[in-house]
Amino acid sequence: MNFNTYFRFASYATVAAATLALFVAGGTGVWLAAAVAIVIIIARKLEGTRWQFSERAALIIILGSLPLFYVDWRLLSVYVDIQFLENGAVSRGGEVTLLAHLILFLSAVKLLQRKGDRDWFFLYLISFFEVLLAAGLSASPRFMATLVLYLLCALTTIVAFEIQKAGRKVTATQTRLLVPPDTTLFRKLPMHLWRRRYLETRRLPFVSLGLLFLIVVLALPFFLMAPRSASSALKRGGGRVSGVIGFSDSVTLGEIGQLKRNDEVVMHVRIEDAGVVPSASLRWRGVALDEFTGRSWAKSIEAKNFEDKTDDRGFFKLDTTEDVARLTAQTFLIEPIDAPVLFGARRILAIQGRLPFIRVDSEGAIQTRPHDQERLVYKVYSDTTAPSPIVLRADRMDYLMPAARYLYLPDKLDPRVGALAKDVTARAGARNGYDEARAIESYLRDNYQYSLDLKAGGQDPLADFLFRVRSGHCEYFSTAMAIMLRTRGIGSRVVNGFLPGEYNQAAGAYTVRQSDAHSWVEVYFPKTNSWVTFDPTPAAGRTALVRTGLAAQLSKYSEALELMWFQYVVGYDKQEQHSLATSLRKDLLDLRRSSSNTIDRARGAVPAMIRPVMISLAGLVGLMVVILLARRVRHFGWRRGLKIWRTGVEPESSRVDFYERLIALLERQGIKRESSQTPLEFASAVGASEALAITSAYNRVRFGEEKLSASERKQIEQLLSELERNRKGR
């Protein structure tokens, strides 16, 4: 591949990488990206032919297409209005798509045009704006991979572009001035230049890789130290999860069942010391509802008493614990959803994340800003422990007035519900509130079937579920248990959230889907002021989806990479910076301590009689170094003999000093070079084969810009010595 072909290939690759980055970020569709790829291939084939656009024709095409972009803008505006009417949310996708269309069109026209340096530079600038637009649309690891590819192509292209520009500045006149025209070296010079250009073409990719590595190394400290700012207004972490319901102030019986038919990923959850908390007891709590109307659950007026919390550091403290060892830390990566709910394991004590505020209601449900266009990363600290059954059985369940709302029943409750609850607890021999709750939980699990088919209905769906259908999903089970407990004078509420989900060993985290949506019961024990979780849903409704096969394993590794990316790159904040600094400081102290201990042990392990032997060896090595230096000084002289280290680029004088030594040697013997003589003419006049060989090497180094190998330099030293001996013998 010649240099010009390489330069054009690198330039087209840069444009293609920018288009790929925009496509991966969601700024353009498949068909438009494919069309740009076809244009790139056609432009490469037409390069240098008469079928390329002239600069004037390209300008006319661009100006003539402006009305089409106005039509495109109007169509996109209509599409955005339709989306607003359907979803009730404003999207900025129309403006972004229009901008992407304009940039790609300009790029396509320039690709098909005859290009000079200015046109190539304009193409590079367009590709940069494509990547800049893509960066505002996505922060995913897939975009990062395309960004690295673009940087590699761009670095290669820029280096080749500058080399090509510099090469055109070297004229034939300048080349003739470098070498005498009457030497055989002048005829070989084009071959040397071609060979040098070919070597540059082969080395350029490696140079670009080195530059890219250097950029990453230099940028890493700035990434670790620089503060984080708010997310971009254009940023979209991924596709918005559609239809997430069941987490508002009012939920109709049966809505959770609609979610369970959808396998879209809602969030990923990583637990520190996951083995400490049994996965069977994990629930990602969302909202708690305390008022049942007979057909739906809602928040009562008392439950809607919100408390807003703000913290500039992003750390929101909600409660305390008696023992720090009880804390369970969970990191959540929430996909873009239309519910502002924050999830967490039961009894959340603190939340940490880049959140402007959080809002906590009287039932412990937590909300924050809407995030239907971007992912949300935050950490939750929970105390998942509950009082022991012995303590709970001793609770007399005496409720004060503020807790009386957890006993309210709908006005037209079927009397058979209370009778069933009384019969179940009596047959179980329950004598306290805790045992009654366990008895009702077991009865519903063992005597009813789990099903996603909504068969229960009518004016009283709860009675229809208990006494006719006897099957349903989690909402019916939790509602039945909560109301049955209230007929027994036991305070309860319904909680909507998610099961833990499928555990991904590659990521060390749980993958939670909409199908993991769940509803359960919390029972209030006033003596300990605690809410205890009960789940009456049969095992079939509490089992997470488990994926198998090669595709599932690859998907798990992809999820692991994405979770790591968003936790440690996108979600990297001041707390993570502090944590990293503390960890590095601790590791350095441990390393210094272990190194000191190792040295001390090594010193103690060396017997005293070995030390004199080591001193003798050190002295012998020093004597050998002195002898070698003395031999170098005698052979090369003081200046060159004491020069041990060589730099990567030798100055002109050191590269041809052997020829200067030849001239000085001949002058001492009375042979002086005339100013009109070329080096080869002077060597021919001397009549010595040694002088002719040394001069030939000098021409190759001085004018052909070649480097002598170590063996060639050694041979030249021998020729100089022979020439000196021959002249002395005459």
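The values are calculated or read from the model by the stated rules, or taken from the named source; none is laboratory data. Everything quoted here is computed from the prediction, not taken from an experiment. Positions of Cβ are generated from backbone atoms using ideal geometry, with glycine treated the same way; all protein chains shown enter the neighbour counts. Accessible surface areas use protein heavy atoms only, side chains included; no ligands, DNA or RNA. Shrake-Rupley method; radii C 1.70, N 1.55, O 1.52, S 1.80 Å.
Are any residues in region 284-334 closer than 26 Å to V494 by Cβ, outside any strand (DSSP E or B) and either touching a Pro at 6+ places or on another chain (Cβ under 6 Å) or open to solvent by 20 Å² or more (accessible area, probe 1.4 Å) (or both), and if so, which ones? Spell out how you get there, then give the answer.
So the first thing to find is which residues in region 284-334 are closer than 26 Å to V494 by Cβ, and the list is 284-309, 316, 318-319, 321, 326, 328, 330, 332, 334.
Pick out the ones that are also outside any strand (DSSP E or B) and you get 290, 293-295, 299-306, 318-319, 321, 326.
Across region 284-334, the qualifying residues are T293, G294, R295, I301, E302, K304, N305, F306, L318, D319, T321, R326.
Failed condition for A280, given (1) closer than 28 Å to E475 by Cβ; (2) open to solvent by less than 80 Å² (accessible area, probe 1.4 Å); (3) hydrophobic (A, V, I, L, M, F, W, C); (4) at pLDDT below 75, with all others met?
All conditions pass for A280, except number (2).
Out of all the residues in region 684-698, is one or more in contact (Cβ under 8 Å) with a residue 40 or more places away in the chain and at negative phi?
Looking through region 684-698, at least one residue is in contact (Cβ under 8 Å) with a residue 40 or more places away in the chain and at negative phi.
Which condition number does D398 fail, the rest of (1) in a helix (DSSP H, G or I); (2) farther than 19 Å from F292 by Cα; (3) out of contact with any Phe, Trp or Tyr (no Cβ under 7 Å at 6 or more places or on another chain) being met?
(1)
Of all the residues that make up region 526-549, how many are exposed (fewer than 13 other Cβ atoms within 10 Å of the Cβ) and at pLDDT 75 or above?
Initial filter on region 526-549 (exposed (fewer than 13 other Cβ atoms within 10 Å of the Cβ)): 529, 539-540, 543, 545-546, 548-549.
Narrowing the set further to residues that are at pLDDT 75 or above leaves 529, 539-540, 543.
Summing the residues that are exposed (fewer than 13 other Cβ atoms within 10 Å of the Cβ) and at pLDDT 75 or above in region 526-549 gives 4.
Condition check: part of a loop (DSSP other than H, G, I, E, B), open to solvent by less than 70 Å² (accessible area, probe 1.4 Å) and at pLDDT below 85. Does T28 satisfy that?
yes
Kindly evaluate V391 against the criterion of being within 28 Å of E322 (Cβ to Cβ), among the β-branched types (V, I, T) and either modelled with pLDDT of 95 or more or open to solvent by 40 Å² or more (accessible area, probe 1.4 Å) (or both).
yes
Name the residues in region 138-156 that are of a type in the set (A, V, I, L, M) and open to solvent by 30 Å² or more (accessible area, probe 1.4 Å), would you?
M144, A145, L147, V148, L149, L151, L152, L155
Working only within region 1-15, note down all residues that are open to solvent by less than 40 Å² (accessible area, probe 1.4 Å) and not hydroxyl-bearing (S, T, Y).
So the first thing to find is which residues in region 1-15 are open to solvent by less than 40 Å² (accessible area, probe 1.4 Å), and the list is 3, 6-7, 10-15.
Of everything in region 1-15, those that are open to solvent by less than 40 Å² (accessible area, probe 1.4 Å) and not hydroxyl-bearing (S, T, Y) turn out to be F3, F7, A10, A13, V15.
Mind listing whichever residues of region 335-356 are at negative phi, in contact with an Asp or Glu (Cβ under 6 Å, 6 or more places away or on another chain) and assigned to a loop (DSSP other than H, G, I, E, B)?
P336, D338, R354, listed by residue number.
Please go through region 466-482 and give me each residue that is part of a helix (DSSP H, G or I) and surrounded by fewer than 23 Cβ atoms within 10 Å (Cβ to Cβ), ordered by number.
The answer is F467, R468, V469.
Can you tell me which residues in region 670-713 are more than 60 Å from the chain's Cα centre (by Cα) and part of a loop (DSSP other than H, G, I, E, B)?
Within region 670-713, G670, I671, K672, R673, E674, S675, S676, Q677, T678, G687, A688 qualify.
Scan (1) open to solvent by 20 Å² or more (accessible area, probe 1.4 Å); (2) in a helix (DSSP H, G or I); (3) within 20 Å of A517 (Cα to Cα) for the single condition S442 breaks and write down its number.
(3)
Taking the stated definitions as given, is G418 in a helix (DSSP H, G or I) and either of a type in the set (K, R) or touching a helix residue (DSSP H, G or I) at 6+ places or on another chain (Cβ under 6 Å) (or both)?
It is true that G418 is in a helix (DSSP H, G or I) and either of a type in the set (K, R) or touching a helix residue (DSSP H, G or I) at 6+ places or on another chain (Cβ under 6 Å) (or both).
Please go through (1) small (G, A, S); (2) touching a residue at least 60 places away in the same chain (Cβ under 8 Å); (3) closer than 24 Å to G353 by Cβ for A329 and return the number of the only condition it doesn't satisfy.
A329 satisfies every listed condition except (2).
For the subset of region 31-73 comprising residues that are of a type in the set (S, T, N, Q) and touching a residue at least 40 places away in the same chain (Cβ under 8 Å), which member is most open to solvent (accessible area, probe 1.4 Å)?
Within region 31-73, the subset of a type in the set (S, T, N, Q) is 49, 52, 54, 65.
Okay, now just the ones that are also touching a residue at least 40 places away in the same chain (Cβ under 8 Å), so 52, 54, 65.
Values: Q52: 15, S54: 39, S65: 10 Å².
Only one residue fits best here, namely S54.
Among (1) assigned to a strand (DSSP E or B); (2) on the phi > 0 side of the Ramachandran plot, there is one condition V380 misses while meeting the rest; what is its number?
If we test V380 against (1) assigned to a strand (DSSP E or B); (2) on the phi > 0 side of the Ramachandran plot, just (2) comes out false.
When region 502-525 is examined, which residues are found to be open to solvent by 10 Å² or more (accessible area, probe 1.4 Å), under 13 Å from T543 (Cα atoms) and of a type in the set (G, A, S)?
Of everything in region 502-525, just one residue is open to solvent by 10 Å² or more (accessible area, probe 1.4 Å), under 13 Å from T543 (Cα atoms) and of a type in the set (G, A, S), namely S515.
For residues that are touching a helix residue (DSSP H, G or I) at 6+ places or on another chain (Cβ under 7 Å) and under 16 Å from R8 (Cα atoms), scanning just region 115-137, find the one that is surrounded by the most Cβ atoms within 10 Å (Cβ to Cβ).
Step by step, filter region 115-137, then rank; the result is S127.
I'm trying to understand the selection: among the residues of region 422-432, which are over 13 Å from T487 (Cβ atoms) and open to solvent by less than 40 Å² (accessible area, probe 1.4 Å)?
Within region 422-432, A430, N432 qualify.
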